[in-house]
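The values are calculated or read from the model by the stated rules, or taken from the named source; none is laboratory data. What you see is a predicted model; the values in this text were computed from it and never measured. Counting neighbours? That spans all protein chains shown, and the Cβs are built from the backbone with ideal geometry, glycine included. Accessible surface areas use protein heavy atoms only, side chains included; no ligands, DNA or RNA. Shrake-Rupley method; radii C 1.70, N 1.55, O 1.52, S 1.80 Å.
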Amino acid sequence: MMAARPAPLFADDKTAAELFCMKRAEFRRLVDAGHLPAPRDLGGLERWDVEQLQKIARGDAMDGGGMQW
């Protein structure tokens with residue numbers, strides 16, 4: 001029996017885009033426009049916080065009528 005893989009804490013742009021069922025370029029446009037949060041720098045690698053992206057997708061990132069990140 002194979003052990004379950006742990007859920008990722010951070011995602012690259014390809015994986016982050018897949019979380020929203022969109023192409024990488026579409027995801028990047030939303031990030032560049034400020035509609036989605038910018039990536040974090042993890043040792044020179046751009047990575048997005050998966051939990052934060054999940055909150056945005058569920059609508060849980062709203063705080064007082066605006067997005068908070």
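Residues of region 1-13 that are under 21 Å from Gly43 (Cβ atoms) and open to solvent by 100 Å² or more (accessible area, probe 1.4 Å): Pro6, Leu9. Condition first: within 17 Å of Ala61 (Cα to Cα), part of a loop (DSSP other than H, G, I, E, B) and in contact with a helix residue (DSSP H, G or I) (Cβ under 9 Å, 6 or more places away or on another chain). Now tell me which residues in region 10-46 satisfy that. Those that are within 17 Å of Ala61 (Cα to Cα), part of a loop (DSSP other than H, G, I, E, B) and in contact with a helix residue (DSSP H, G or I) (Cβ under 9 Å, 6 or more places away or on another chain): Phe20, His35, Leu36, Pro37, Ala38, Pro39.
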